[in-house]
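> Can you read through this structure? Questions will come right after.
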Amino acid sequence: MNTILRFRVKKEVDTPTARKILSLKGSLIAQCYTDIIHFDDEDEHFYMHYFSVETARRKEAADYIAGCIREELLSDIVMLVEK
């Protein structure tokens, strides 16, 4: 069974930060957490990125995202959304 994992990303970012975000999304795919990451406008300031992940790997994927946010100093730009 699958579940949805979501993370919020600020719309207005500089080019180096945008590259870090793309790297995060690419690494989620490379780590086989998902095949595709979708996104929608949340409001005028944020995008909501989301993907389907096996329920058994949800915590692992969330921990991976949290680790990337810490390592790349993205805590003001990317926020993991727990529902």
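> Look at Val53 and say whether it is open to solvent by less than 80 Å² (accessible area, probe 1.4 Å) and in contact with a Phe, Trp or Tyr (Cβ under 6 Å, 6 or more places away or on another chain).
Answer is yes for this residue.
> Could you check the stretch 56-78 and list, in sequence order, the residues that are open to solvent by less than 70 Å² (accessible area, probe 1.4 Å) and basic (Lys, Arg)?
Arg57, Arg58
> Within the stretch 31-46, which residues are open to solvent by 70 Å² or more (accessible area, probe 1.4 Å) and of a type outside the set (S, T, N, Q)?
Selection gives Cys32, Asp35, Ile36, His38, Phe39, Asp40, Asp41, Glu42, Glu44, His45.
> Can you confirm whether the stretch 12-26 contains a residue that is surrounded by 10 or more Cβ atoms within 10 Å (Cβ to Cβ), within 17 Å of Ile69 (Cα to Cα), among the polar types (S, T, N, Q) and at pLDDT 95 or above?
Yes - at least one qualifying residue is present in the stretch 12-26.
The values are calculated or read from the model by the stated rules, or taken from the named source; none is laboratory data. Everything quoted here is computed from the prediction, not taken from an experiment. Positions of Cβ are generated from backbone atoms using ideal geometry, with glycine treated the same way; all protein chains shown enter the neighbour counts. Ligands, DNA and RNA are excluded from the accessible area calculation, which covers all protein heavy atoms including side chains. Shrake-Rupley method; radii C 1.70, N 1.55, O 1.52, S 1.80 Å.
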